[in-house]
1. For the chain, please list each of the strands (runs of 3 or more DSSP E) lying entirely inside it that holds at least 1 residues being in contact (Cβ under 8 Å) with a residue 60 or more places away in the chain.
2. Whether any residue in the range 50-73 is of a type in the set (Phe, Trp, Tyr), open to solvent by 90 Å² or more (accessible area, probe 1.4 Å) and touching a Pro at 6+ places or on another chain (Cβ under 9 Å) is what I want to check.
3. How about the range 18-35: which of its residues are in contact with a Gly (Cβ under 8 Å, 6 or more places away or on another chain) and exposed (fewer than 12 other Cβ atoms within 10 Å of the Cβ)?
4. Can you tell me which condition SER45 does not meet? The list is (1) modelled with pLDDT under 90; (2) exposed (fewer than 11 other Cβ atoms within 10 Å of the Cβ), and all the others hold.
Amino acid sequence: NLWLEVAGPELDFYVTLYDQNGRALGLVNRNVAGAGQWQENFNLSSLSPGAYVLVFLDANGNRLAAQQIIKQF
C-alpha cells in the first residue's frame, strides 16, 4: 500500500503514478482541490516490483514535485 498525506491552506493539485516508461498508471490518479488535509491509501499489489514515479502537478499542469517509489514485492 502507498499512503499519501498532504496538508495546506489551499490544496489544488493533481497526482498520478508513472511507470519506468513514462506511462501513467490508473491506480494513483487524483485531482485534489480544497483546503486542509488530504490523505489516501492506494493499493499497489497489482504492480510488478520496480521503480515508479509519483508526480504532483498544479492546476496549470506545472510540476510541483516528483517522488520515486520503489515497489519490492
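1. 2-18, 63-71
2. There is at least one residue in the range 50-73 that is of a type in the set (Phe, Trp, Tyr), open to solvent by 90 Å² or more (accessible area, probe 1.4 Å) and touching a Pro at 6+ places or on another chain (Cβ under 9 Å).
3. Those that are in contact with a Gly (Cβ under 8 Å, 6 or more places away or on another chain) and exposed (fewer than 12 other Cβ atoms within 10 Å of the Cβ): GLN20, ALA35.
4. (1)
The values are calculated or read from the model by the stated rules, or taken from the named source; none is laboratory data. Because the structure is predicted, anything quoted here is derived from the model rather than measured. Reconstructed Cβ throughout: ideal geometry from the backbone, glycine too, with neighbour counts over all protein chains shown. Keep in mind that these areas ignore ligands, DNA and RNA; they rest on the heavy atoms of the full protein, side chains included. Shrake-Rupley method; radii C 1.70, N 1.55, O 1.52, S 1.80 Å.
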